[in-house]
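Taking it in order: structure first as structure tokens, then the write-up.
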Amino acid sequence: QVQLVESGGGLVQAGGSLRLSCAASGRTFRTYSMGWFRQAPGKERAFVAASWSGGNTGYADSAKGRFTISRDNAKNTVYLQMNSLKPEDTAVYYCAAGTTDWGTHRSEYEYWGQGTQVTVSS
């Protein structure tokens, strides 16, 4: 069982930056693939970025060049650095943990945090 707690969301102007954090419980954090997803009102939860247990990272096209995922296995924490934010990035951002690599769909992640709101004003 893994428990995930996100933090770092908030209100920011377009062009600004935010760093999201996700703290995980458990002693096997390094064995999990960690993902960030987001859900805007009326839309499905969509993949943003992942740090897979094998060491690779992946990004949605909308995040490439602007967002960076990283993890600190010693702190059981995964981060999402978001730069050059746009109003269309406004959503609830969720952290997720899974046991397979290369996952980009929500069905491939077993554990979820409660989400943190990110609002980007124009």
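Here Thr99 fulfils each of the conditions (1) under 19 Å from Arg19 (Cβ atoms); (2) open to solvent by 60 Å² or more (accessible area, probe 1.4 Å) apart from (1). Can you say whether Thr57 is among the β-branched types (Val, Ile, Thr), surrounded by 15 or more Cβ atoms within 10 Å (Cβ to Cβ) and in contact with a strand residue (DSSP E or B) (Cβ under 9 Å, 6 or more places away or on another chain), as far as the supplied structure shows? For Thr57, the condition - among the β-branched types (Val, Ile, Thr), surrounded by 15 or more Cβ atoms within 10 Å (Cβ to Cβ) and in contact with a strand residue (DSSP E or B) (Cβ under 9 Å, 6 or more places away or on another chain) - is not met.
Listed residues Ser62, Ser70; which is part of a loop (DSSP other than H, G, I, E, B), over 18 Å from Glu110 (Cα atoms) and hydroxyl-bearing (Ser, Thr, Tyr)? Step through it out loud before you land on a result.
On the way: Ser70 fails: part of a loop (DSSP other than H, G, I, E, B).
Answer to the check: Ser62.
Within the option set Val2, Val78, Val48, being open to solvent by less than 60 Å² (accessible area, probe 1.4 Å), in a loop (DSSP other than H, G, I, E, B) and closer than 19 Å to Gln114 by Cβ holds for one residue only, Val2. For the stretch 15-43, a residue qualifies if it is surrounded by 14 or more Cβ atoms within 10 Å (Cβ to Cβ), small (Gly, Ala, Ser) and under 17 Å from Gln81 (Cα atoms), and the qualifying residues are Gly16, Ser21, Ala23, Gly35. The number of residues in the stretch 105-122 being assigned to a loop (DSSP other than H, G, I, E, B), in contact with a strand residue (DSSP E or B) (Cβ under 6 Å, 6 or more places away or on another chain) and open to solvent by 70 Å² or more (accessible area, probe 1.4 Å) comes to 1.
The values are calculated or read from the model by the stated rules, or taken from the named source; none is laboratory data. Not measured: the values here are computed from a predicted model. Backbone-built Cβ (ideal geometry, glycine too); neighbour counts: all protein chains shown. Protein only, heavy atoms only, side chains kept; ligands, DNA and RNA dropped before computing areas. Shrake-Rupley method; radii C 1.70, N 1.55, O 1.52, S 1.80 Å.
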